[in-house]
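K.L.:
Would you mind keeping the following structure in view while I ask a few things?
The values are calculated or read from the model by the stated rules, or taken from the named source; none is laboratory data. Computed from a predicted model, the values in this text were never measured in an experiment. Glycine gets a Cβ as well: all are built from the backbone with ideal geometry, and neighbour counts include every protein chain shown.
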Amino acid sequence: MKLESVWPEQSFDCEGWRGEMASRIAAFDWSDTAMGPIDRWSKSLRATVQLLLASPVPLVMLWGRAGTMIYNDAYAGFAGGRHPFLLGKPVEEGWPEIAAFNRNVVDTCLSGATLSYADKRLTLHRNGQPEDVWMDLHYSPVAEDDGHPAGVIAVVVETTRKVLAEDKLLKLTQTLERRVAEAVAARVEAEERFRQVQKLEAIGNLTGGVAHDFNNVLQIISANLQLIELATRDKPELTRRLHVMSEAVARGGKLAAQMLAFARRQPLNPAVVNPAKLVADMCEFLQRALPESIKLKTSVSYDAWNLFVDRHQLENALLNLVINSRDAIAQGGNILLEVENATLGDANTAGLALPAGDYVRLAVTDDGAGMPDSVKARMFEPFYSTKAEGQGTGLGLSMVFGFVSQSAGCVDVKTKVGEGTTVALYFPRCTQSESQDLDGARPGASRGGETVLVVEDDADVRLSTIDMLAQLGYKVLSAEDADAALAVLRKNPKVDLLFSDVVMPGTIRADALAKIASAPPYNAAVVFASGYTRDIIFHEGRLDEGVVLLKKPFTFDDLARTVRNALDTRH
Ligand SMILES: Nc1ncnc2c1ncn2[C@@H]1O[C@H](COP(=O)(O)OP(=O)(O)OP(=O)(O)O)[C@@H](O)[C@H]1O
Ligand SMILES: [Mg+2]
């Protein structure tokens, strides 16, 4: 039904009077309400209802003291599930959850005053659930024909979305400063870490290079000393002096090995190792390295996964860490040695230079002095030590760092001055089972009559090696590089063993030469002698099948045993 039919004297067909609410208002029986039957509505009431219906702004009129509700289409949208129940209802019944608020509105406006609220927060049950709603509310009195206030017209503009958006924005702005500071700090830390890596890389290259040449010098001295020793067995005075010199060479060799370890270029002999067993085996020995005032505890997870590492170097690393902890404990304290599995996801590798995956974590924790930032920043540098002259070389952590990195793991250090330090070593999990320890089963050195081809570019090293092998009863051929070695091999196909340096000049690489020599028709055994390796003979940290490595500087006995063993186990 159209309003016009209710008010026949209305001559204008106004579009704004034709919505859903116009029909509902026309159809509604108003007789029992404060407004009375529709056909008796006053001019003023009719005019206000028409104004309300034509407005695109949500408007509701509360008529009389009861506040009988009559509203437009826009307000129906605002009312949600309460529409159309609200039409013709007293306002306190329509919105019981805010009855007191509306009572005040009606009373105030019927007394002729107005009310306004900006972003007023009220809790409404529009759709059965309580929800916080923000609104701009403006209330003003509506006059009857005689001029006295008889109702209230309310402009209801919901501002919930705007308020929430502003709130969010405000919070964002308030935390912006903190977030920028955090981002900057993270960036500075990442840059610092990168600088540290670069610095260690540069020092590593330098140290590795020096150690390599140093090793060759030691090899020459060592080999010749041993040859002299053999020739002067009947002169005890000389033997004593030679012995002192050999010990000095051994010390130099150890230093070179430590430097190479840091440079990640020490020749490693990785094997499958059970870390729980390794730590259990080491415990007694470690305990002996500690004074009684320091207690060593272990927490070993017995289902710890296997590792593929150089067992000797791992023992060495743990010993270094325990000794560092010992030195950090002044009066008395505790050291904890832990072994546990660690599965790193993408999130928790943050800070560790490792891809996600399965790792074994070996950690040494002490409650000693801890490290200030200035020490922590330099702890991996070779020759960096805070200990008194003669107490520390500063190579301990450098070696640990180099060895762990070379074994595809990483070192994580947490330390606090006055509280203590945890140095954790992470190694990738190895799914193979532990191999038999062949060390004990090796046959002792014996003299042979086989032919050995020595390939070495440093003439002095070559000559001393030839001498030693000759002393051992081998027939020795030699070449100064792999190209020359190949020519020798072709002329002497009965070579039984190739004894080769790893890094040499020439067009053929040592590993290629080894492949040829070990294949038919030669079928020679191969021993590499090296004090310095890159990945030429190591692939993914392992030696190629059938390749034996002798570390420089080597002793007469090392050479004898390794060559004999390689010949005896040749297929
Ligand atoms: N557990 C620890 N607690 C406190 N400081 C430590 C700890 N471990 C290492 N440091 C600090 O790091 C420095 C370097 O350690 P690193 O093991 O490389 O050398 P060092 O122990 O001084 O000498 P070296 O190990 O060659 O005998 C130490 O001098 C010490 O200041
Ligand atoms: Mg140390």
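K.L.:
Return yes when residue 354 is surrounded by 15 or more Cβ atoms within 10 Å (Cβ to Cβ), away from ligand 1 (no atom under 11 Å from the Cβ) and part of a loop (DSSP other than H, G, I, E, B) and no when it is not.
P.N.:
Criteria met by residue 354.
K.L.:
Continuing with this model, one more query. In this structure, is residue 290 part of a loop (DSSP other than H, G, I, E, B), within 16 Å of ligand 2 (Cβ to nearest atom) and touching a helix residue (DSSP H, G or I) at 6+ places or on another chain (Cβ under 7 Å)?
P.N.:
The answer is yes for residue 290.
K.L.:
Restricting to the stretch 299-323, name every residue that is among the polar types (S, T, N, Q) and either within 26 Å of the chain's Cα centre (by Cα) or over 21 Å from residue 404 (Cα atoms) (or both).
P.N.:
Answer for the stretch 299-323, where residues must be among the polar types (S, T, N, Q) and either within 26 Å of the chain's Cα centre (by Cα) or over 21 Å from residue 404 (Cα atoms) (or both): 299, 301, 306, 313, 320.
K.L.:
Given the stretch 51-111, what helices (runs of 4 or more DSSP H) lie entirely inside it while holding 1 or more residues that are touching an Asp or Glu at 6+ places or on another chain (Cβ under 9 Å)?
P.N.:
By residue number, 73-79, 99-110.
K.L.:
Oh, and also: Looking at (1) outside any loop (DSSP other than H, G, I, E, B); (2) away from ligand 2 (no atom under 16 Å from the Cβ); (3) of a type outside the set (Gly, Ala, Ser); (4) surrounded by fewer than 17 Cβ atoms within 10 Å (Cβ to Cβ), find the lone condition where residue 375 falls short.
P.N.:
Of everything listed in (1) outside any loop (DSSP other than H, G, I, E, B); (2) away from ligand 2 (no atom under 16 Å from the Cβ); (3) of a type outside the set (Gly, Ala, Ser); (4) surrounded by fewer than 17 Cβ atoms within 10 Å (Cβ to Cβ), residue 375 misses just condition (2).
K.L.:
Still on this structure, please answer the following. Does at least one position in the stretch 329-345 carry a residue that is away from ligand 1 (no atom under 16 Å from the Cβ) and either β-branched (Val, Ile, Thr) or closer than 22 Å to residue 262 by Cβ (or both)?
P.N.:
Yes; the residues of the stretch 329-345 include at least one that is away from ligand 1 (no atom under 16 Å from the Cβ) and either β-branched (Val, Ile, Thr) or closer than 22 Å to residue 262 by Cβ (or both).
K.L.:
Next up: Say we look at the stretch 386-404 and pick out the residues that are surrounded by 19 or more Cβ atoms within 10 Å (Cβ to Cβ) and either among the small types (Gly, Ala, Ser) or assigned by TED's automatic domain parsing to the domain that holds residue 193 (or both); which of these is farthest from the chain's Cα centre (by Cα)?
P.N.:
Residue satisfying both the conditions and the ranking: 396.
K.L.:
Could you grab me the full set of residues in the stretch 288-313 that are more than 16 Å from ligand 1 (Cβ to nearest atom), buried (at least 19 other Cβ atoms within 10 Å of the Cβ) and under 24 Å from residue 379 (Cβ atoms)?
P.N.:
Hits for the stretch 288-313 are 307, 309, 310.
K.L.:
Of the residues in the stretch 297-336, how many are of a type in the set (Gly, Ala, Ser) and away from ligand 2 (no atom under 15 Å from the Cβ)?
P.N.:
Result for the stretch 297-336: 6.
K.L.:
Can you say whether residue 367 is surrounded by fewer than 16 Cβ atoms within 10 Å (Cβ to Cβ) and of a type in the set (D, E, K, R), as far as the supplied structure shows? Write out each step before concluding.
P.N.:
On the way: surrounded by fewer than 16 Cβ atoms within 10 Å (Cβ to Cβ): no; of a type in the set (D, E, K, R): yes.
For residue 367, the condition - surrounded by fewer than 16 Cβ atoms within 10 Å (Cβ to Cβ) and of a type in the set (D, E, K, R) - is not met.
K.L.:
Next up: Within the stretch 297-322, can you find the residues that are within 19 Å of residue 269 (Cα to Cα) and in a strand (DSSP E or B)?
P.N.:
Within the stretch 297-322, 306, 307, 308, 309 meet the criteria.
K.L.:
Now for a different question. If a residue has to be touching a residue at least 60 places away in the same chain (Cβ under 8 Å), of a type in the set (A, V, I, L, M) and surrounded by fewer than 19 Cβ atoms within 10 Å (Cβ to Cβ) to count, how many in the stretch 52-84 make the cut?
P.N.:
Counting residues in the stretch 52-84 that are touching a residue at least 60 places away in the same chain (Cβ under 8 Å), of a type in the set (A, V, I, L, M) and surrounded by fewer than 19 Cβ atoms within 10 Å (Cβ to Cβ) gives 1.
K.L.:
Does at least one position in the stretch 449-461 carry a residue that is within 16 Å of ligand 2 (Cβ to nearest atom) and modelled with pLDDT of 90 or more?
P.N.:
no
K.L.:
Okay, moving on. Being touching a residue at least 60 places away in the same chain (Cβ under 8 Å) and within 10 Å of ligand 1 (Cβ to nearest atom) is the filter here, so list the residues in the stretch 373-390 that pass it.
P.N.:
Scanning the stretch 373-390 gives 380, 381, 382, 387.
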